[in-house]
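Q: Can you keep this structure in mind? I'll have questions shortly.
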Amino acid sequence: MLVAGNWKMHTDLRGAVRLAAEVARRTEAPARRVRVAVCPPFVWLDAVRAALRGSRVLLGAQNVHPSDEGAFTGEVAAPMLAALGCRFVIVGHSERRHLLGETDAFVGEKVRQVLRHGLVPILCVGETLEERDRGDAEAVVRRQLDGALRGVTPGAPEGLVVAYEPVWAIGTGRTATPEQAQAMHAVVRADLAARFGEAGRFVELLYGGSVKPDNAARLFAQPDVDGGLIGGASLDAEAFTSIVEAAVQTTEA
Ligand code: PGA
């Protein structure tokens, strides 16, 4: 399992270092089957890396540009992220798709770029409330998967992570029910298995959208939920690490 914190555009420098150090301290005990990652804003990656040194908490970035370098003012390249010790890169988050207009094709370019540099994309997919109400949720998620993964070979299953994040559950306090999450995760699992064969069956599938300490265990207990992508609750070390603890309990149940 994997529990990853998406700090979005939150924290100041001191707060980021403190939060990282506190997450590192609270996850000291080895939990063999649960990996923990934090994805701070780009500008704190180096300081957070230093704060995490010697811990088992992995580092991730929240975005990347598809080119290795070039005249792309304000963008950040995959080799830069690799040089800072990032293992993961969040790609296709709904806030970027919906607020910043990222298309399926652009998300796909990013996925391929992240893989080319030996980093692991956390590919986010998920429908809006309107799409769900129209009965289009599955079709939207399948379209997003196809746009992002066509022509992609992840190699080993651990080379790719997919996060199902229904847009209506992000930052709203309204989480998907465990049954809703499981139903969509099964769709994603089947898509990946059809696409990648055996390797597709073992890709980690995270649920994201208002995961909190009090609902994490029920979500993680679903057979196709392999962890979580945590927004709001990842800004509080105690809440985040109790979500990690819920994942540890699941693997030991
Ligand atoms: P949330 O965000 O946990 O605050 O709903 C999740 C995400 O956007 O990844």
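The values are calculated or read from the model by the stated rules, or taken from the named source; none is laboratory data. What you are looking at is a predicted structure, and each value in this text was computed from that prediction instead of being measured. Quick reminder, even Gly has a Cβ in these numbers, built from the backbone with ideal geometry, and neighbours come from all protein chains shown. When the accessible area is computed, the model is the full protein with side chains, heavy atoms only, and any ligands, DNA or RNA have been set aside. Shrake-Rupley method; radii C 1.70, N 1.55, O 1.52, S 1.80 Å.
Q: Of all residues in the stretch 55-67, count the ones that are in a loop (DSSP other than H, G, I, E, B), in contact with a helix residue (DSSP H, G or I) (Cβ under 6 Å, 6 or more places away or on another chain) and either more than 11 Å from Val114 (Cα to Cα) or open to solvent by 40 Å² or more (accessible area, probe 1.4 Å) (or both).
A: Within the stretch 55-67, residues that are in a loop (DSSP other than H, G, I, E, B), in contact with a helix residue (DSSP H, G or I) (Cβ under 6 Å, 6 or more places away or on another chain) and either more than 11 Å from Val114 (Cα to Cα) or open to solvent by 40 Å² or more (accessible area, probe 1.4 Å) (or both) number 1.
Q: Another question, then. For residues that are hydrophobic (A, V, I, L, M, F, W, C) and surrounded by fewer than 19 Cβ atoms within 10 Å (Cβ to Cβ), tally how many sit in the stretch 240-253.
A: So the answer is 1.
Q: Another question about this same structure. Take the stretch 195-222 and flag every residue that is assigned to a helix (DSSP H, G or I), surrounded by fewer than 21 Cβ atoms within 10 Å (Cβ to Cβ) and modelled with pLDDT of 95 or more. Full working, then the answer.
A: Restricting attention to the stretch 195-222, the residues satisfying the condition of being assigned to a helix (DSSP H, G or I) are 195-196, 198-201, 216-220.
Filter again for surrounded by fewer than 21 Cβ atoms within 10 Å (Cβ to Cβ), leaving 195-196, 198-201, 217-218.
Within the stretch 195-222, Ala217, Arg218 meet the criteria.
Q: For the stretch 114-166, what are the residues that are open to solvent by 40 Å² or more (accessible area, probe 1.4 Å) and either touching a Lys or Arg at 6+ places or on another chain (Cβ under 7 Å) or within 15 Å of the ligand (Cβ to nearest atom) (or both)?
A: Leu129
Q: Working only within the stretch 174-186, note down all residues that are more than 20 Å from Gly159 (Cα to Cα) and open to solvent by 20 Å² or more (accessible area, probe 1.4 Å).
A: Result: Arg174, Thr175, Thr177, Glu179, Gln180, Gln182, Ala183.
Q: Are there any pairs, at least 6 apart or on different chains, whose C-beta atoms fall under 7 Å, with the first in the stretch 223-235 and over 21 Å from Gly15 (Cβ atoms) and part of a strand (DSSP E or B) and the second within 6 Å of the ligand (Cβ to nearest atom) and at pLDDT 95 or above, and if so, which?
A: Gly228/Gly208; Gly228/Val211
Q: Which of the residues that make up the stretch 177-195 are free of Cβ contacts under 8 Å to residues at least 40 places away in the same chain and within 16 Å of the ligand (Cβ to nearest atom)?
A: Hits for the stretch 177-195 are Thr177, Gln180.
Q: Any chance the stretch 199-214 includes a residue that's out of contact with any helix residue (DSSP H, G or I) (no Cβ under 6 Å at 6 or more places or on another chain), away from the ligand (no atom under 13 Å from the Cβ) and within 19 Å of Gly151 (Cα to Cα)?
A: no
Q: Let me spell it out: the conditions are (1) in a helix (DSSP H, G or I); (2) within 16 Å of the ligand (Cβ to nearest atom); (3) polar (S, T, N, Q), and Thr250 meets all of them except one. Which number is the exception?
A: With (1) in a helix (DSSP H, G or I); (2) within 16 Å of the ligand (Cβ to nearest atom); (3) polar (S, T, N, Q) applied to Thr250, the lone miss is (2).
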